Structure formats: C-alpha cells, structure tokens
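Quick note: the coordinates plus some simple rules give every number you see, no bench work behind them. Bear in mind that the values here come from a model prediction, so they are computed numbers and not experimental data. With ideal geometry, Cβ positions are generated from the backbone for all residues, glycine too; neighbour counts draw on all protein chains shown.
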Amino acid sequence: MWRQLYRRLQSVGRHGLVIQAQAAIDLALWDIKGKAANMPVYKLLGGARERAPVYGSDGGWLYMSVSEMVSEFEAYLEQGMAGIKMKVGHDDPRVDIERVRQVRAALGDEAWIAVDANQKWDYPTALRVGRELEQLGIAWFEEPLLCEDIPGHARLAADLDIPVALGETLGSRFEFAAYLRADAVDIIQPDVIRVGGLTETLKVIALADAAQRPIAPHHMMEVSIHVACGVMHAGLIEYMPWIAAAFAQPAIIEDGHMLPPPKPGLGLELAEDVVARHRVE
C-alpha cells in the first residue's frame, strides 16, 4: 500500500505536507498491525532493546541567553540524559562560537554537546565554524549547509574531523542514498514524519546500516522510540516534548532513557481535550 500511494503522488510532488500526509496513513496502518498482533510496534519490528538513551534538545534556542540555556541543560543532565544539543546560526558566526564556548565551560569537558545550524551557512563559514567546534569537543555538526547541497556536504565532511549530521528534511530513501554515495554525511537523522512514515524510515536505516553510518532519529520521539528500540541496537533519541500535551500518557523517561509504550500498536492515545478542541463536525 505504501508503494502504491507513493507512486500516485507523482503529480503533486513527494515532499512537505504531501509526504507527511502519507506518513500519517503509514503510521496508522502500523498501529493497526501492532494491535492486531497484540504487540507494541517495537516488538513487532524485532525488539532490539527495551530502552534508548536520550539527549535534551529543547532548551538551546538562538533567542535564549547562555545562562538560560545552561539552566535548561543542567536540568537535562541531572535527569541522567546522555547530553544536550544547542542551536547555532547567528548572522555573525563568532557569536555562536562564543556561546558554544561558554556552554562548554559551564557544563564541563566531559559533557556531550551537539550543535544544529539548521542549514544556515555557506561552505566557507561552515568550515570555519566546524574547525572551532572541533576544538571544543562537539559531538556533531548538524545541518551546516542547505540540504540540497550534496557536493558541499561531501566537501565539508571530508575537510572536518567533527561528524556532519543531517536528514531531518530529506524526504525519501533515495535522497539519503545520494548522500551516502557521495560520502556527504556521517550521522543519519531520518524524521519519521517528513520521510513518509515508519515503512520508509526502516529502509533508510537499512541503507545507513549497510554504509556503517550511525543513526540518530530526528524529533517525534513518541514514534521514533519504536524504531530506536525495534531495530537499532545503539543510538540516541532526541528528547523534544513539543507535542507531549497531545497524548493522554506522557513519554516514559527513566534514568536518562526513554522506554517504548508497552501497549499494542504505537501505544499512543490522543488526549480527550485535544480531540475536542480540534474536532471538525
């Protein structure tokens, strides 16, 4: 069914809201399949592990002061989370380098810190920033360039020692395959919604595994946890509770790890007040 629907989308394009609508259908079908089998989806996929470490990703925004970020990050680390991620991407990259330097000083040399530029810079700027980040022991440099620029990413990945991470805005396994063929990415970050659902995410993970690239799913932790615990024996989950209020039960976080919902299917139920607020009669 996924393949049939994907092929029928050729006249409207297979990106953005179109592919996200396909993801909604795909996830609903996986939810039904899990419930029919009376198994959580992560068990249906193989049950590689029972929990996955998380890193805190909601608290390092460009509009926040360094002290505000550090306060949020320290709270994440006190919960036992593996580390944190902060945004970079000011018009003057020197501002970002200084902010990262101050966060590193506040959290200590052993803290796991990643940065995300959200496609802000060109190659020369990203190279300059990346070399500074290497000196600060940053875990990965996420989306340094426009996602369409595969040659630029390949060049940057070759010129830097810090891993280049990306994938949240790629819309299919074909786009990921192009990056992998070009050696343009070190860490793969598929977004289960933006890539068209769980079915396509599994294909992206298979490609990454064959290329021996680590995987760190982007956002939507409530669904990504099934991927992380179903087929991934290692790798982090991004803790981003943006849509937590939409669900009746909160995500299960214990000792810095996220546990998949134990109920059959995706194990997610929408909160009644959310349904009432958005119901269309």
- If amide H atoms are built 1.01 Å from N in the plane of the peptide, which residues on other chains or at least 5 residues away come under 5 Å of the amide H of Gly265? Gly34, Lys35, Met39, Val41
- Task: For the range 204-263, just the Cα set please: Rg and Dmax, both in angstrom.
- Result: 12.3, 39
- Whole-Hz Karplus ³J(HN,Hα) for the range 111-128, in order, using 6.51 cos²θ - 1.76 cosθ + 1.60 and θ = phi - 60°, x for Gly and Pro? 5, 7, 10, 10, 10, 10, 8, 6, 6, 6, 10, 8, 4, x, 5, 4, 5, 5
- Note on the structure: In whole Hz, the Karplus estimates of ³J(HN,Hα) for the range 82-89 (6.51, -1.76, 1.60; θ = phi - 60°; x where Gly or Pro) are 5, x, 9, 10, 10, 7, 10, x
- Note on the structure: Measuring from its Cα centre, the chain shows a charge dipole (+1 at each Lys and Arg Cβ, -1 at each Asp and Glu Cβ) which, in debye to the nearest 20, is 1200
- Go ahead and set up a Gaussian network model of the chain, Cα springs under 10 Å, then flag whichever of Ile32, Ile19, Ile205 fluctuates most. Ile32
- Expressed in Å to one decimal, the Kirkwood Rh of the range 58-166 from all distinct alpha-carbon pairs is 13.9
- Over what distance in Å are the Cα centres of the range 239-269 and the range 70-143 separated? 27
- On full extension of the chain, what length is gained from Ile32 through Ala75, given 0.36 nm per residue of separation minus the C-alpha to C-alpha distance? 11.8 nm
- Message: With the crude spin-label approximation of a point 7 Å out along Cα→Cβ, what separation in nm comes out for Arg131 versus Arg277?
- Response: 4.9
- Message: So for each of 41-49, 184-192, 67-75 I average, over its residues, the number of other beta carbons within 10 Å; can you give me the resulting order with the highest mean first?
- Response: 184-192, 41-49, 67-75
- For the range 182-281, listing chymotrypsin sites (Phe, Trp or Tyr not before Pro) in a DSSP loop whose Cβ sees at most 16 other Cβ atoms within 10 Å gives Trp242
- Query: Which of Gly60, Ala165, Tyr123 sits closest to the plus end of the dipole of the range 58-166, meaning its Cα is farthest towards the positive end, when Lys and Arg get +1 and Asp and Glu get -1 on the C-beta?
  - Reply: Tyr123
- Item | Separation in nanometres of the label points that stand 7 Å from Cα toward Cβ, at Leu5 and Glu269 | 2.5
- Query: Sorting Val274, Val100, Val54 on the 10 Å Cβ count, fewest up front, what's the list?
  - Reply: Val274, Val100, Val54
- Karplus ³J(HN,Hα) for the range 213-224 (6.51 cos²θ - 1.76 cosθ + 1.60, θ = phi - 60°; Hz, whole; x = Gly/Pro) runs 10, x, 10, 9, x, 8, 6, 6, 4, 4, 9, 4
- Distance-filtered residues of the range 47-74 - backbone nitrogen under 19 Å, label point 7 angstrom along Asp92 Cα→Cβ: 62-67
- To the nearest 0.05, how large is the calculated FRET efficiency for Met39 and Ala105 if R₀ is 45 Å and r is the Cβ-Cβ distance? 0.45
- Rounded to the nearest 20 debye, dipole of the range 58-166 from Cβ charges on Lys, Arg, Asp, Glu: 200
- Those lysines that a straight Cα-Cα span of less than 17 Å connects to Lys85, excepting residues fewer than 8 apart in one chain: Lys120
- Would you grab the residues whose amide H sits under 5 Å from the one on His90? Only those 5+ places off in sequence or on another chain, please, with H modelled 1.01 Å from N. Asp96
- Query: Semi-axes of the equivalent ellipsoid of the chain: what are they in whole Å, largest first, if each equals the square root of 5 times a C-alpha gyration tensor eigenvalue?
  - Reply: 31, 23, 17
